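Asker: Got a structure here, written out as structure tokens. Questions coming.
The values are calculated or read from the model by the stated rules, or taken from the named source; none is laboratory data. Just so it is clear, the structure is predicted and the values come from calculations on it, not from any experiment. Note that we place each Cβ from the backbone using ideal geometry, even for glycine, and neighbour counts take in every protein chain shown.
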Amino acid sequence: MNKHEWLQRIYDQYMAYEKREKRIVRFFQAIIVITFFSLWEIASRFQWIDPLLFSSPSSIWHLFITKIRDHTLLSHTTVTLTETILGFIVGTMIGVCFATILWWFPRVSKIVDPYLVILNAMPKVALGPILIVALGPNMTSIVAMGAIISIIITTIVVYTSFKEVDANYIKVLQTFGATKQQWFTEVILPASFPTIISTLKVNVGLSWVGVIVGEFLVSKQGLGYMIIYGFQVFNFTLVLLSLLMIALLSSIMYQLVGWLEKKLIKRA
Amino acid sequence: MPILTIDQVMHAYVTNQSAVLALDHLSLNVERGEFLSFLGPSGCGKTTLLSIVAGLITPTKGRVLIEGKEIHTMRQTIGYMLQHDYLFPWKTIEQNVTLGLKLTGKYSEKTKRQTLALLHQIGLRDVDDRYPNELSGGMRQRAALVRTLATDPKILLLDEPFSALDYQTKLKLEDLVWETLKQYRKTALLVTHDIGEAIAMSDRIVLFTARPGKIQKIVTVPDSLRACTPFQARQHPDFSPLFQMIWKELESIEQT
């Protein structure tokens, strides 16, 4: 056997091992899902858990079909999804803009530093009632909730990453007589892309929190409304259906951000 | 007229604790095409001096003239090479080496071609579209040299550019940089801790005292060594005696 064949065999063995490992992981992941839903269904049928409170996968499924048929689920989901995506984008963009201002004007950053700490520590959802009164009980105030919840943390995290960019990269630009705007576009922003993407991932979750709380308060439409309505009429099947929809959609959004990450950060 | 005049430069660093004198009445003339090395204990303000010459910081007192003119009007005549390559990881090698051209508004099809030709000339072929993390340390530092030379600076400032490399790569790069600079008749200031490197590469060696940084002595390297490439110079019989002399000189600086 020559060296080439030998290396090929070692490589094949390695790949076979990797493939097997992947299959085992997938297998157990599937087992967990199946077990969870089966146990839930069985426990509910045999009244080990209160079916009124915890419902069951089958009744959630039936409700899902009914709601799809009468088109209400689609409309509620579309509303919530639109609000969340808008809140997410607006929140992240304003946060990055604030971070840019702080980086551009160091004195502003020194001045507002304590206020940022206070704003960050404050629970933003507590602003909900004020927002709804100020902007009206409509989509605008819900989007504002989705955005406001992530603005401050985005500002702080992105600004910190702007500051932590190795000063020697700036030095390289300075020796070419670059302007401050060029520092920003050539170094600060691209060097911070990884951080910005990771705040995007955090913001996906935060925007959902903001939007759902907003819908609780406005109580007109959306998945948050479905939860609060189901709670009021004691229809927990409806609550759990909404929860599952939220889990599904937020995972998809998270995956999309992951895909964006791969697109944007080719190297580094 | 000397290409670079450092005239009675003093510089103080101010911190919350105190103001510290980093450079004390420094004066120096550098002729066109000369290769100067700055040797001295750490904290002697060598890097501060380079930053001042590059126009990155303004000296507290004194002037720096390039061809008789104040430096802030001449920034684009200076090229600065740092200890690490600081190639931008999100740019390809081509984008990295042409960065200076774009920033200084000199980018054109012609300058781009010249820069890429220089890249190939110093042994970096087929890497234009690669990213820095695909290159070895020596290759990256060579790309950084091309980036610095691309804007055709008159004076090159080299701040320990070889210190992060392994010994073999360092020796090879010394020769390459030396030959490239001689070929294009560039003036260069090199900051280094390595006495051998200073002797092998320079025409004159400036010895610094520490805190505050002052010029202790300027050693002129004999013609016999200057005629050789850095690698040959290290083997030359005149190398060792000069090394000993500078060694003793630096020892005496540290004791005072």
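Asker: Would you call A:A121 loosely packed, with under 13 Cβ neighbours inside 10 Å, closer than 23 Å to A:T199 by Cβ and in the same structural domain as A:T92 (by TED's automatic domain parsing)?
Answerer: Yes: the conditions hold for A:A121.
Yes or no, residue by residue, for (1) facing chain A (nearest Cβ under 9 Å); (2) over 30 Å from B:L21 (Cβ atoms); (3) not in a helix (DSSP H, G or I):
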| residue | (1), (2), (3) |
| --- | --- |
| B:W90 | yes, yes, yes |
| B:G105 | no, yes, yes |
| B:T115 | no, yes, no |
| B:L118 | no, yes, no |
| B:L124 | no, yes, yes |
| B:V127 | no, yes, yes |
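Asker: Restricting attention to the stretch A:46-55, which residues are surrounded by 14 or more Cβ atoms within 10 Å (Cβ to Cβ) and under 20 Å from A:L223 (Cβ atoms)?
Answerer: Selection gives A:F54, A:S55.
Asker: Return the residues of the stretch B:153-168 that are acidic (D, E) and either in a strand (DSSP E or B) or without any contact (Cβ under 8 Å) to a residue 24 or more places away in the chain (or both); say none if nothing qualifies.
Answerer: Answer for the stretch B:153-168, where residues must be acidic (D, E) and either in a strand (DSSP E or B) or without any contact (Cβ under 8 Å) to a residue 24 or more places away in the chain (or both): just B:D159.
Yes or no, residue by residue, for (1) in contact (Cβ under 8 Å) with a residue 60 or more places away in the chain; (2) out of contact with any helix residue (DSSP H, G or I) (no Cβ under 8 Å at 6 or more places or on another chain); (3) within 14 Å of A:H76 (Cα to Cα):
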| site | (1), (2), (3) |
| --- | --- |
| A:L173 | no, no, no |
| A:G177 | no, no, no |
| A:Q182 | no, no, no |
| A:F193 | yes, no, no |
| A:E215 | yes, no, yes |
| A:G222 | yes, no, yes |
| A:Q232 | no, yes, no |
| A:L264 | yes, no, no |
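Asker: Output the residues belonging to the stretch A:238-268 that are under 12 Å from the mean Cα position of the chain (by Cα) and among the aliphatic types (A, V, I, L, M).
Answerer: A:I246, A:A247, A:L248, A:L249, A:I252, A:M253, A:L256, A:V257
Asker: Okay, moving on. Among the residues of the stretch A:231-243, what is the count of those that are surrounded by fewer than 15 Cβ atoms within 10 Å (Cβ to Cβ) and either under 18 Å from A:I85 (Cα atoms) or not polar (S, T, N, Q) (or both)?
Answerer: The total comes to 3.
Asker: From the set of residues in the stretch A:49-73 that are part of a loop (DSSP other than H, G, I, E, B) and in contact with a helix residue (DSSP H, G or I) (Cβ under 9 Å, 6 or more places away or on another chain), which is nearest to A:F236 (Cα to Cα)?
Answerer: My answer is A:S55.
Asker: Further, regarding this structure: Do any helices (runs of 4 or more DSSP H) entirely within the stretch A:142-251 hold 3 or more residues that are within 14 Å of chain B (Cβ to nearest Cβ), and if so, which?
Answerer: A:167-175, A:180-183, A:189-218
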